[in-house]
1. So what are the ³J(HN,Hα) numbers for the stretch 245-253, from phi and the Karplus equation (6.51, -1.76, 1.60; θ = phi - 60°), rounded to whole Hz, Gly and Pro as x?
2. Take ARG244 and ASP89, extend 7 Å from each Cα along the Cα→Cβ direction, and tell me the distance between the two endpoints in nm.
3. Determine Rg/Rh for the stretch 222-294; Rg is computed over alpha-carbon atoms and Rh is the Kirkwood hydrodynamic estimate from the same atoms.
4. Would you mind computing, in nm to one decimal, how far apart the modelled labels at THR100 and VAL188 are, each placed 7 Å from Cα along Cα→Cβ?
5. Beyond 24 Å, what percent of the Cα pairs of the stretch 149-295 remain?
6. Once you have the Cα-Cα distance between GLU207 and MET120, take 0.36 nm times their residue separation minus that, and quote the gain in nm to one decimal.
7. Given the Cα-Cα distance of ASN354 and GLU328 and 0.36 nm per residue of separation, how much length would full extension add, in nm?
8. If we count every other residue with Cβ under 14 angstrom of LYS189's Cβ, Lys/Arg +1 and Asp/Glu -1, where does the sum land?
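Nothing in this text is a laboratory measurement; each read-out follows from the coordinates by a stated rule. The structure presented is a predicted model; accordingly, all values stated were derived computationally and were not measured. In this analysis, Cβ positions are derived from the backbone assuming ideal geometry, glycine residues included, and neighbour counts consider all displayed protein chains.
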Amino acid sequence: MNYFHSMIEHLLYTTDTGVAELLQIITVQPTFQTCRTKPKLLTRVGQVVPEDSIVLLHYIGYVSNFHEPFDVTYLQGRRPKSFRLGIGDLLLGLEVAILTMRYGENARIILSPKYAYREMGCPPRIPPNATIVFDVHLVSYYPSTNSRLCDEGENDLNKFQTNLKIVKKLHYEGNECFKTNKINKAVVKYEKAKELLHLTGCNNDQEEIEMFKYLDKLYSNLSICYLKICVFNKVCRMGSEAMRYSGKYSKNNVKLWFNWGKALRLLKDFTEGKKKLQRALKLEPENESIHYELQRLETDRTFHYRIKSLNTFKNNTVNDNNKRLPSEFWQVFDTIINEFVDGTDEILTVALNNNSDDIELAKCKVNLLDLQFQQNENVDSHCFTIKKKL
């Protein structure tokens, strides 16, 4: 029996608390946190954190109704703090709550005294019987087996350089996979390198600079890979994480801003996509690819809203889903598909309804032009991805 299970059983036994009450006492509210607005609900995606994982967190901890926090990881550097679950590194209530979270999620976690600092508190900053609130950003999580590289030689002053060599090797292998179009294998290599950098501590400012530079490269490479395999939300996540953890260098990375803007266009978020592309253009005003992408964005915006005017997708009801698209829609669809075939773009997303006959008709039109047609879970449910075959 691991630490987590034994502590849960101990608390349930010693406090006469049932599982239902445990879930009521430990409250998790998914949020999107900004500096000047109240938290907004955030859709949670991906697998929940497995037990016995290593989690990378940023958090702000404070006593309920107190304005001043007692613990802020953001003040301890850009890098998230790493914790191994199941060994008592975190408050039990916080660990239970984290086990309900998903990759990249923000959440407000409210702990009753029983599952925080109990009746003793933690003087002088935490009074007895205090309700504790944590605003948590789960940056990522990894299998505990990944800690071996960081645990070995933990007191070794050369640990960073040792792990950096492994990172460089993984980065090189990822590049080789990318060159041979083994994109998914490249993603695995780049992600492992990123994990290791996040788990490795720095001894001085020079090591921190090296870490930021390599994180910038890895986030940039991952954004390209995720764009190629049409996982557009992860392209955006790579951009967001890069600004948070390697922003000193990533804010001047044209490739990162460009991929981020393109992914947002494909997600039909034209306003934010344009902002990201304009950041890229500011860095390289003469870059023809950026100018083309901005033109492509405006064309897509016009096409998308024209499509929406022909099929409003009202309330996602059965009747709306079964309603056939008008002939005017298919005229616009044929035009944009033929332009796509003749153009240089590799990916296009198109809004349809959920009528099976219309979806089959779209597939036939796409297949006749030797294109690939797929529904992407990371795009709006009415959007489908069309790709050129390699």
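1. For the stretch 245-253, the Karplus-derived couplings read 10, 9, x, 4, 9, 5, 5, 10, 8 Hz, x marking Gly and Pro.
2. Taking the two extended label points, one gets 1.7 nm.
3. 0.94
4. 3.4
5. 35
6. Stretched fully, the GLU207-MET120 segment lengthens by 27.2 nm.
7. Values: separation 26, 0.36 × 26 = 9.36 nm, distance 1.76 nm.
Here the answer is 7.6 nm.
8. In short, +4.
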